[in-house]
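Participant: Please find one structure pasted underneath; my questions will follow.
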Amino acid sequence: MAKIDVIVPAGGMLPPDFARVVGTSSKALITLDGRTILKTTLGVIKECERLGRVVVIGPTEIQNSVNPNEADIVLPSLNTGPENIYKGLYWLNRTDAPPEHILVLTADLPFLSMQVLDGFLERCPMDKDICLPLVSRDDFNETFPNTDATFVGLKDGSYTIGCAFLFKVSALQKARPQIEAVFEKRKSKLGMARLLGLPFVWKYLTKTLSVADIEQKVKQMIGCDGAAIYDCPAELAFDIDYLEDYHYATALIQTRKRVVIHK
């Protein structure tokens, strides 16, 4: 089977107070246990035999931090997340071997491992247009107790979405206008409600919404046949968005080190 190429959007920036504490304005360049999260991410990608070429997209400091053996190319970032993903896809499509699938993987997952990522990819049906990981509240709280995360209460359970997305390239290209529309309205409750429609919103409010309903809505909105991958590891959903996340990750790494030493 052909290897899956990877796009790593690494343009996320930190607010000034957060940046002063960690010594960088880039989320991907936060250092934990002697390595930046970006270095950890690229190392995991290289370990995973299912994955092929790597395109990193970010500002100047990202471009200066990536070694030639870690990525095939580092491209300067644009204004939005979708623009960056499509820029990476454009570069891949112009090569001698345009991809059939791509993995979009964020660069702020400090506890990502090859086993976690490979396990997700192994469970993805390759005939689907998009596959995304679902992490249950129980699994997340067991792995990362006493943390805050955003979960959506559904009829099937309470879930959050992980930060790895497997796309069929043909579907991603076809759905660009719809994906950009969703991204543009993502922070507007009214805008998202209009996109989703009253029946969908009503189901959500009355907690009768199911994962199957969401898959059907995705297909209706962007013309993609999606698959939600249940019970994925919590490491795919713990990202560094806030200073509290950074302090929690630092403390957890030290705790795990002490446990290993005492074994």
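Participant: Give me the dipole magnitude in Debye, nearest 20, for the chain about the Cα centre, with unit charges on the beta carbon: positive for Lys and Arg, negative for Asp and Glu.
Facilitator: Roughly 420 debye, rounded to the nearest 20.
Participant: Which order results if Thr208, Thr143 are arranged by neighbouring Cβ count within 10 Å, fewest first?
Facilitator: So the ranking, lowest neighbour count to highest, is Thr208, Thr143.
Participant: Whose amide H sits under 5 Å from the amide H of Met13, counting only residues 5 or more places off or on another chain, with H placed in the peptide plane?
Facilitator: Amide H neighbours of Met13: Lys27.
Participant: From the backbone phi of the range 245-253, what are the Karplus-calculated ³J(HN,Hα) couplings (6.51 cos²θ - 1.76 cosθ + 1.60, θ = phi - 60°) in whole Hz, Gly and Pro given as x?
Facilitator: Couplings: 5, 5, 5, 5, 4, 4, 5, 5, 4 Hz.
Participant: A follow-up question, please. If we count other beta carbons within 10 Å of each Cβ, what is the order of Asp129, Asp148, Asp225, fewest first?
Facilitator: With the sparsest Cβ surroundings first, the list reads Asp148, Asp225, Asp129.
Participant: Still on this model: How large is ³J(HN,Hα), in whole Hz, for each residue of the range 224-230 in order, when computed from phi with the Karplus curve 6.51 cos²θ - 1.76 cosθ + 1.60 and θ = phi - 60°, using x for Gly and Pro?
Facilitator: So the Karplus estimates, Gly and Pro as x, are 10, 8, x, 9, 8, 9, 5 Hz.
Participant: Can you work out ³J(HN,Hα) from phi for every residue in the range 108-113, in order, using Karplus 6.51 cos²θ - 1.76 cosθ + 1.60 and θ = phi - 60°, giving whole Hz and x for Gly and Pro?
Facilitator: 10, 10, x, 10, 5, 9
Participant: Further question: Under 18 Å between C-alpha atoms is the cut-off here; go through the range 73-179 and count lysine pairs that meet it, provided they're at least eight residues apart or on different chains.
Facilitator: Summing the qualifying lysine pairs gives 4.
Participant: Aspartates and glutamates near Lys39 by alpha-carbon distance under 17 Å, same-chain residues fewer than 8 away left out - which ones?
Facilitator: Glu47, Glu61, Glu70, Asp72, Asp108, Glu235, Asp239
Participant: Once you keep just the Cα pairs under 8 angstrom separated by 6 or more residues, what percentage relative contact order results for the chain?
Facilitator: Averaging sequence separation for qualifying contacts and normalising by length gives 22 percent for the chain.
Read-outs throughout are calculated quantities, based only on the coordinates presented, and are distinct from any laboratory measurement. Just so it is clear, the structure is predicted and the values come from calculations on it, not from any experiment. Heads up, the Cβs are rebuilt from the backbone with ideal geometry, glycines too, and the neighbour counts pull from every protein chain shown.
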